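The values are calculated or read from the model by the stated rules, or taken from the named source; none is laboratory data. On a predicted model such as this, the values are computed, not experimentally measured, just so you know. Because the Cβ atoms are built from the backbone with ideal geometry, glycine has one as well, and the counts that use them run over all protein chains shown. Heavy atoms of the whole protein, side chains included, go into the accessibility calculation; ligands, DNA and RNA do not. Shrake-Rupley method; radii C 1.70, N 1.55, O 1.52, S 1.80 Å.
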Amino acid sequence: MEAYAQPVAPEEPGWETIQIVHKRLDLPVGAIIAAIRAGFLRLGQRSDVSGYHGLVVGNTEVAAFKAKAAPERKPSTNQGEVTARPSPGRRVFGGKVNSWL
């Protein structure tokens, strides 16, 4: 991964570690790394930290990537997906809740 990295100064703002981006945006680490390898995200290397925790990505860049890559959610049209059960001691008869305890 370090072969893809550009040097980033320790005090340079706007960069986050891959692990922090993963937690903040709920993006899988593998998806972040794949986006770096495909050229969708730039990778930086903090000069004061070696190894994996020194690898950083631009936080606005990765947020824009997630917005593009996130699937559009559609509201459910299946009536059976959300069901509620009566609490114990209650039965539903003909659409009415009756207590039997």
Residue-normalised value, i.e. accessible area per residue, for the range 1-70 at 1.4 Å probe, in Å², stands at 58 Å²
Protection-proxy order for peptides 30-41, 14-25, each taking the mean of Cβ atoms within 10 Å per residue, highest first = 14-25, 30-41
By its C-alpha gyration tensor, with a ≥ b ≥ c as the square roots of the eigenvalues, how is the range 18-68 shaped: rounded for a/c under 1.5, else prolate for a/b larger than b/c, else oblate?
-> prolate
